[in-house]
1. How much FRET efficiency would the formula 1/(1 + (r/R0)^6) give for ALA178 and GLN223, where r is the Cβ-Cβ distance and R0 is 30 Å, rounded to 0.05?
2. Would you tally the net charge around ILE172, using a Cβ to Cβ cut-off of less than 13 Å, leaving ILE172 out, and scoring K and R as +1, D and E as -1?
3. Quick one: ARG89, ARG206, ARG259, fewest Cβ neighbours within 10 Å first, how do they rank?
4. May I ask for the distance between the Cα centers of the stretch 248-270 and the stretch 114-175, given as a whole number of Å?
5. Taking 2.2 N^0.38 Å as the expected size of a compact globular protein, what ratio does the Cα radius of gyration of the stretch 186-319 give against it, to two decimals?
6. Could you tell me the largest-minus-smallest coordinate of the C-alpha atoms of the stretch 255-319 on each of the three principal axes, in descending order and whole angstroms?
7. Under 1.5 on a/c is rounded, so check that first for the stretch 142-241, then, if it is not, pick prolate when a/b is larger than b/c and oblate when it is not; a ≥ b ≥ c are the square roots of the alpha carbon gyration tensor eigenvalues.
Amino acid sequence: MKALLAILITVFCFALLLGLLSIRSREDRVMTERLNYFAGGEQAQRQKQKLTPKALLYNCIEGIANGLGRLQQGKRIELMMQQADWPIRGTEFEAILLLWGGLVGLITFLVTLKGAMFFAGLLAGILLGMALLGLRIRRRRKKFTNQLGDMLTMVANALRAGFSFMQAFELISREMDAPMGREVQLVVNEVNLGNTLESALDNMQRRVASPDFELVVTAVLIQRQVGGDLASILDTISETIAERVRMRREVMTLTAQGRLSGLVIAILPIILAFVMNAINLSYLQPLIETDTGHLFIIGGIISEVIGILCIRYIVNINY
């Protein structure tokens, strides 16, 4: 019963985290709220007076985010928000993590009635939120890399047709889907606002953190300094990136069995625990209710993590 309740709590809290992250997902609504906040006009005052649950949640997140912004000066989370393309500030994401982790810890404490479980639930909630952010960044980076070859081909063809480099980028921003189109549009906007192309490309490289795109940035910067046929250079880089993508997919295919073994090792003990508990309810009680059993559980979890990391290290081939 407790195991089923723990699963339901985990699913509920995870859905709540996704809900909190999607509260401010629409950029137009975020921009309107920002403008109203800085304008300080009557409309903003009327919105503040509406004490709806959503408004209270906004105010709570905003207050915690402002407090975190005064306590820290780091921009690491802010950069990760740009890499994930989530239209929220880094301090706002940290505030959401604290609220969600606190809720997980509170529910865990109410279920177990143990003070230590509150901090365990708090830590687990924060780690799960950071894992979700990392997954979002990796998926977006992978999609960007898959679009990079087509983008370089379009830029090279546009340069041969007589377009300038910025005109080719404007074409890319209109024709290609996110994340490539969005990132290129940000570069175009920065240049139009007075920033240099070199700085705009460096900012794009920081957001996407792609070693393949770093080749493109280096080639463009060198060509702007010494000259040369940029279209031919981009064609060569496009072929190199296409070959790297092909090799990456081939490696993923060859290591599929090892990655699947790691997944089975991680899931198998949990499934066996549920099966054994369903067959004999008293079989796992010493493991769950005694201090010695708790030590064995902790040791098993540590062993699981070590095994997964070892398998991941073996199948992770650098290329």
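Coordinate-derived values only; no laboratory data. Predicted, not measured: the structure shown is a model, and the values here were computed from it. Glycine also receives a Cβ, built like all others from the backbone with ideal geometry; neighbour counts cover every protein chain displayed.
1. Details: r = 27 Å, r/R0 = 0.90.
Efficiency, from the Cβ-Cβ distance: 0.65.
2. On the way: positive: ARG174, ARG182; negative: ASP150, GLU170, GLU175, ASP177, GLU183.
Net local charge, ILE172 excluded: -3.
3. Numbers: ARG89 19, ARG206 11, ARG259 15.
So the residues, fewest neighbours to most, are ARG206, ARG259, ARG89.
4. First find each Cα centre; the distance between them is then 24 Å.
5. Values: Rg = 25.6 Å, N = 134, 2.2 N^0.38 = 14.1 Å.
Dividing the Cα Rg of the stretch 186-319 by 2.2 N^0.38 Å gives 1.81.
6. Between the extreme Cα coordinates on each principal axis of the stretch 255-319 lie 50, 23, 7 Å.
7. Working: a/c = 1.21, a/b = 1.06, b/c = 1.13.
In terms of gyration-tensor shape, rounded.
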